[in-house]
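The values are calculated or read from the model by the stated rules, or taken from the named source; none is laboratory data. Quick caveat: nothing in here was measured; it's all calculated off a predicted structure. Positions of Cβ are generated from backbone atoms using ideal geometry, with glycine treated the same way; all protein chains shown enter the neighbour counts. Keep in mind that these areas ignore ligands, DNA and RNA; they rest on the heavy atoms of the full protein, side chains included. Shrake-Rupley method; radii C 1.70, N 1.55, O 1.52, S 1.80 Å.
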Amino acid sequence: MRVFLGLLVLVMALAGCAQAPAATTTGGNAPAAAPTAPAAATGPLVMAWYPNESGADLKDARDAFGTLISDTLGRPVEHRTTTDYIIAIEAVANNTAHLAWFGAEGYVQANERNSSVIPLVIPSGSNGSVESAVYYSWLAVPRGEEDQYRDGDGFSIENIQGKRFSFVSNSSTSGFRVPSSNIVTYFGEKPEWQNLETEDLLEGGPNNFFADVQFGGSHQGSAVNLITDRVDVAAFCDTCVSNYVSLVEGTENQVGAVYRVNDDADEPFNQFPGAEFVLIAAVPVLNAPFVANSSMLTAEEIQKLQEVLTSDEVANNDKIFATQAVIDAGFRPFFRKTDAERFLVVPDSFFDPIRAMR
């Protein structure tokens, strides 16, 4: 737990330093595009999506963003759904997609491959600020198995060693980078694991840290690995499963919280109504950015997108930040409107805490 609290301090301290010069609720302080910006074009814009957001249940949410972007730039939008994180990352880095929505780790990887890939906006926290712009990386275990991870009145990751474990993808922020960094830091203090490295967590076996390692391919897939007893412990995030599960005991995003799969859950959870899991770790993670390839979009186009996305109109668009009434009517959103959520502009340095984990 000391590791998790330390990470929170690091993330929020660095995030606070990073956002001060540029974070804004308007597009006025947009970061500069790459020096070699293209001429204006009228052809289709390609938007790449991670597997988490590529499902049929989220088509209306993707279309809402596509319509917003198309109306802003006067260009049609083509959605490129994917089955693998790296496909989406490479699409933007290799100049075959203009826009994408990545976790911080995916953005850092794309930016390393191509410095023209820049952050466009991030969703704020519930109070509309950059300081609260976090979601949560969970480690979960099946209901009924949580006692072996108890530590006094709380929980510990002490006993995850030797278990069957599921990550999301090694390009996932909350489904790999953050949990693997925490595991290495925690167990690296023990003599027998002092040389443990992130790469050692990628494969399981008799002489490895985990008995077996699975990759879900998406946060939903990692959660299903847990529910179907393929693994003992799984990493996935709160936001990617929020459309499928409900809190039934404890406090949201706190260790000890119990979640249950909804009776009317969409695929891939529709076969497991009532399945329950318990959180043994919950770590805050910097919110995922929408990113743009500034070698494929003009500086004017990027500024227009930032101005519109950070506007009050978009903050109050119930197909972008969905109200409970819209959700109850059947809409499956990417973002929920609980208070003052909106999009904000942040600089590249906002994501330095993720770089520091690598």
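Yes/no per residue for (1) among the basic types (Lys, Arg); (2) in a strand (DSSP E or B); (3) farther than 25 Å from TRP49 by Cα; (4) modelled with pLDDT under 95:
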position	(1), (2), (3), (4)
ARG177	yes, no, no, no
ASN182	no, no, yes, no
ASP200	no, no, yes, no
ASN208	no, no, yes, no
GLN214	no, yes, no, no
GLY221	no, no, no, no
VAL224	no, no, no, no
PHE236	no, yes, no, no
CYS240	no, no, no, no
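Put simply, of THR83, THR96 the only residue that is closer than 20 Å to LEU58 by Cβ and either open to solvent by less than 20 Å² (accessible area, probe 1.4 Å) or assigned to a loop (DSSP other than H, G, I, E, B) (or both) is THR83.
Applying the condition of being among the acidic types (Asp, Glu) and in a helix (DSSP H, G or I) to region 131-149 and asking which residue is surrounded by the most Cβ atoms within 10 Å (Cβ to Cβ) yields GLU146.
Listed here are the residues, each with its yes/no results for (1) crowded, with 17+ Cβ neighbours inside 10 Å; (2) in contact with a Ser or Thr (Cβ under 9 Å, 6 or more places away or on another chain); (3) modelled with pLDDT of 95 or more; (4) assigned to a helix (DSSP H, G or I).
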| site | (1), (2), (3), (4) |
| --- | --- |
| VAL283 | yes, yes, yes, no |
| VAL291 | yes, no, yes, no |
| GLU307 | no, yes, yes, yes |
| MET357 | yes, yes, no, no |
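Applying the criterion of being open to solvent by 10 Å² or more (accessible area, probe 1.4 Å) and under 18 Å from the mean Cα position of the chain (by Cα) to the residues of region 104-119, the residue that is farthest from VAL291 (Cα to Cα) is GLN109. Here THR239 meets the list (1) more than 17 Å from ARG260 (Cα to Cα); (2) of a type in the set (Ser, Thr, Tyr); (3) open to solvent by 10 Å² or more (accessible area, probe 1.4 Å) almost entirely, failing just condition (1). From the residues in region 42-67 that are out of contact with any strand residue (DSSP E or B) (no Cβ under 9 Å at 6 or more places or on another chain) and not hydrophobic (A, V, I, L, M, F, W, C), which one is most open to solvent (accessible area, probe 1.4 Å)? That would be THR42. For region 220-236, the tally of residues that are open to solvent by less than 20 Å² (accessible area, probe 1.4 Å) and among the hydroxyl-bearing types (Ser, Thr, Tyr) stands at 1. The lone criterion from (1) surrounded by fewer than 24 Cβ atoms within 10 Å (Cβ to Cβ); (2) closer than 30 Å to THR96 by Cα left unmet by ARG260 is number (2). When PHE176, PHE187, PHE210 are checked against the criterion of being touching a Leu at 6+ places or on another chain (Cβ under 9 Å) and closer than 27 Å to PHE102 by Cα, PHE176 stands alone in meeting it. Here's a check for you: in region 150-175, which residue that is among the polar types (S, T, N, Q) and assigned to a loop (DSSP other than H, G, I, E, B) is farthest from ASP229 (Cα to Cα)? It comes out as SER171. Taking first residues from region 151-168 that are in contact (Cβ under 8 Å) with a residue 40 or more places away in the chain and partners that are open to solvent by 70 Å² or more (accessible area, probe 1.4 Å) and of a type in the set (A, V, I, L, M, F, W, C), the Cβ contacts under 6 Å between residues at least 6 apart in sequence or on separate chains come to PHE167/PHE215. Pairs are defined by a Cβ separation below 9 Å, a sequence spacing of at least 6 or placement on different chains, a first member in region 311-332 that is farther than 16 Å from GLY66 by Cα and open to solvent by 70 Å² or more (accessible area, probe 1.4 Å), and a second member that is at pLDDT 95 or above and not acidic (Asp, Glu); the pairs so defined are ASP312/ARG342; ASN316/LYS337; ASN316/ARG342; GLN324/ARG336; GLN324/LYS337; GLN324/THR338. Scanning region 68-80 for residues that are open to solvent by 60 Å² or more (accessible area, probe 1.4 Å) and part of a helix (DSSP H, G or I) turns up just one, ASP71.
Annotation note: of GLY217, GLY205, the sole residue that is in contact (Cβ under 8 Å) with a residue 12 or more places away in the chain and open to solvent by less than 50 Å² (accessible area, probe 1.4 Å) is GLY217. Does region 177-190 contain any residue that is touching a strand residue (DSSP E or B) at 6+ places or on another chain (Cβ under 6 Å), in contact (Cβ under 8 Å) with a residue 24 or more places away in the chain and surrounded by fewer than 18 Cβ atoms within 10 Å (Cβ to Cβ)? No: zero hits.
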